[in-house]
Amino acid sequence: MYKFIPMNSFTEENYLKAIYKLTEQTDSEVSTNSIAKKMSTKAATVTDMLKKLSLKKSIHYQKYQGVSLTTSGKKIAVNIIRKHRLWEFFLVKKLNFKWDQVHGIAEELEHIHSNELTEKLDRFLGFPKFDPHGDPIPDGDGKFHNTKSQLLEEAVLNKSYIITGVVDHSSSFLQYLDSAGIVLGKEIKVKERALYDKSLQAQLSGKKVFISNEVAKNILVSKK
């Protein structure tokens, strides 16, 4: 079973999660400035925290060089992500929250240090592989379900796709998608792409819709 070393500080866990997600985007070591931007704080504050995490053997860190997670640091980060996404699934599927309402609540619940609760929650929910936003939920061994998604802006014309996730998790974006009827699981087919602004004319479950490039680059789809 996937093990992790619990940490006393929620802030430390949030830093490890942020570093993990930044590493996913760059596939390399991440900078202090990028962490500061992600955490909405000052670089000096980040440096102080990185020193603490380094002493706890959660990260590899040397001043003026990039930061990467150790094996134990990665386990902590993945476990936090797992709990966050399981709680989001629970809140939407069992308590009828909307998908734009659950992120902040899950941010609090993800720090509950109980392996037994996490395992029972996973079992109760039927071992879901994806959260309400289409993000993969790591299993008890820390493994993510493989997905073959791509951005809607990259879709081939006249090919059928299924909407599988979103890049932007902000409440305003999710509310916009709801108002436009663009939800996970719907079939979409791009019919035209404007040369001027790359906006799309598409068929969404048989209905004609117009989608800006800003929206299209934040929607994930998979081939039908």
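What follows draws every value from the coordinates through simple rules; no lab data is involved. The structure displayed is predicted, hence computed values, not measured ones. Here Cβ is always computed from backbone atoms with ideal geometry, including for glycine, and neighbour counts include all displayed protein chains.
So if each residue of separation counts as 0.36 nm, and I subtract the Cα-Cα distance between K224 and Y196, what length gain in nm does that give?
7.3 nm
For the range 125-135, take each phi angle, set θ = phi - 60°, evaluate the Karplus expression 6.51 cos²θ - 1.76 cosθ + 1.60, and give the result in whole Hz per residue in order, putting x for glycine and proline.
Values, residue by residue: 7, x, 6, x, 9, 9, 7, x, 9, x, 7 Hz.
Label-point separation (nm) for V183 and S68, each offset 7 Å from Cα along Cα-to-Cβ?
Going from the V183 label point to the S68 one covers 4.3 nm.
Could you work out the equivalent-ellipsoid semi-axes for the range 94-134, taking the square root of 5 times each eigenvalue of the Cα gyration tensor, largest first, in whole Å?
Ellipsoid half-lengths, sorted descending, are 18, 14, 9 Å.
Apply the Karplus curve 6.51 cos²θ - 1.76 cosθ + 1.60, θ = phi - 60°, to the phi angles in the range 65-73 and return the couplings in whole Hz, x for Gly and Pro.
These are the phi-based 3J(HN,Hα) values: 10, x, 10, 9, 7, 7, 4, 5, x Hz.
So how far apart, in nm, are the two label points at K129 and S28 if each is 7 Å from Cα heading toward Cβ?
3.3
Above 17 angstrom, tally the Cα pairs of the range 1-123 and express them as a % of all pairs, no decimals.
Tail of the P(r) past 17 Å holds 57 percent of the pairs.
Could you tell me which of L109, F173, Y196 has its Cα farthest along the dipole of the chain towards the positive end, charges placed at Cβ (Lys, Arg +1; Asp, Glu -1), taken about the Cα centre?
Final value for the positive-end residue is Y196.
What percent do you get for the relative contact order of the chain when only Cα pairs under 8 Å and 6+ apart count?
16
What do you get for trypsin sites (Lys or Arg not before Pro) in the range 1-91 restricted to DSSP loop and a cutoff of at most 13 other Cβ within 10 Å of the site's Cβ?
Loop-located and lightly packed - K3, K42, K57, K63.
Expected output is a single nm value to one decimal: the length gained when fully extending between N115 and Q203, i.e. 0.36 nm times separation in residues minus the C-alpha distance. What is it?
27.2 nm
Relative to the longest principal axis of the chain, what angle (0 to 90°, nearest 10) does the C-alpha long axis of helix 171-180 take?
Its long axis makes an angle of about 20 degrees.
Taking Cα pairs under 8 Å and at least six residues apart, what relative contact order does the range 150-223 come out at, in percent?
So the answer I get is 44 percent.
With springs connecting C-alpha atoms under 10 Å apart, model the chain as a Gaussian network and identify which of I81, I211, I163 has the largest mean-square fluctuation.
Result: I211 has the largest fluctuation of those listed.
If you average 1/r over every pair of different alpha-carbon atoms in the chain and take one over that average, what Kirkwood value in Å do you get?
19.0
Evaluate the charge dipole of the chain about its Cα centre and quote only its size in Debye, nearest 20, assuming +1 on the Cβ of each Lys and Arg and -1 on the Cβ of each Asp and Glu.
Rounded to the nearest 20 debye, it is 380 debye.
Report, ordered by chain and residue number, the aspartates and glutamates lying within cross-link reach of K17, taken as a straight Cα distance under 16 Å and ignoring same-chain residues fewer than 8 apart.
Candidates past the 8-residue exclusion: D27, E29, E107, E108, E110, D135.
From largest to smallest, what semi-axes in whole angstrom does the range 150-223 give when each is the square root of 5 times an eigenvalue of its alpha carbon gyration tensor?
17, 14, 12
Not counting the cut sites, what is the longest span of the chain without chymotrypsin sites (Phe, Trp or Tyr not before Pro) that DSSP labels loop and that have at most 16 other Cβ atoms within 10 Å?
Segment 3-63 is the longest.
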